[in-house]
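Participant: Questions regarding the structure given below will be posed in turn.
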């Protein structure tokens with residue numbers, strides 16, 4: 001494994017140092033210069049490797065959740081959607097190890113995977129992830145009945161439902177399943 005260095009100084013494995021480096025990297029991600037992107041990627045790779053070392057190579061360890069999600073967001077920000085998809089898939093496996101299969105904590109992850117699957121041309125995978133996200137949202141005890149929502153909650157709910165329907169529409173379009181695409185775009189317009 002490579003040494004964990006920050007501004008040229010070697011650091012020991014410590015979860016608080018990892019956290020500080022990740023926060024700094026998140027701030028640096030806003031800077032899209034080539035040098036900043038390279039520094040972010042190098043720092044994230046090294047931090048990931050050292051974090052794996054720290055958790056004794058347990059690739060599903062909950063401690064990896066944060067570095068993996070930041071890495072996934074980094075790849076999304078630079079337009080490396082295949083790598084982002086791989087990192088979000090790893091993030092889902094970590095969540096499944098932490099919470100068990102198909103818990104409502106994974107709804108956002110399934111939505112991310114669905115959107116990225118469309119971006120990399122995997123429309124059938126996108127449809128599968130969106131279906132899973134919808135199932136989890138419907139089954140979630142956290143889901144508030146529409147009639148009990150405040151006007152702001154109703155607005156957010158409709159926006160989220162519309163975005164999900166639009167992603168499903170895009171996936172159906174890529175699969176050239178125009179009947180499904182029409183159904184999803186109609187569902188999306190109902191949310192406007």
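Just so you know, all these numbers are worked out from the coordinates, no wet-lab data involved. Remember, predicted model here, so these are calculated numbers, not experimental data. FYI the Cβ positions are ideal-geometry reconstructions off the backbone, even for glycines, and counts take in every protein chain you see.
Participant: What list do you get for 57, 149 if you sort them by fewest beta carbons within 10 Å?
Facilitator: Details: 57 9, 149 14.
Listed from fewest to most nearby Cβ atoms, that is 57, 149.
Participant: More than 19 Å apart: what percent of Cα pairs in the range 58-112 qualify? Can you show the working numbers first?
Facilitator: Values: 320 of 1485 pairs.
So the portion of pairs separated by more than 19 Å is 22 percent.
Participant: For each of 191, 40, count neighbouring Cβ atoms within 10 Å of the residue's Cβ, then give the residues from fewest to most.
Facilitator: On the way: 191 15, 40 23.
Lowest count first: 191, 40.
Participant: Does the range 81-192 come out rounded, prolate or oblate, given a ≥ b ≥ c as the square roots of the eigenvalues of its C-alpha gyration tensor, rounded meaning a/c under 1.5 and, failing that, prolate meaning a/b above b/c?
Facilitator: Numbers: a/c = 2.16, a/b = 1.07, b/c = 2.02.
Judged from the Cα gyration tensor, the range 81-192 comes out oblate (a/c at least 1.5, b/c at or above a/b).
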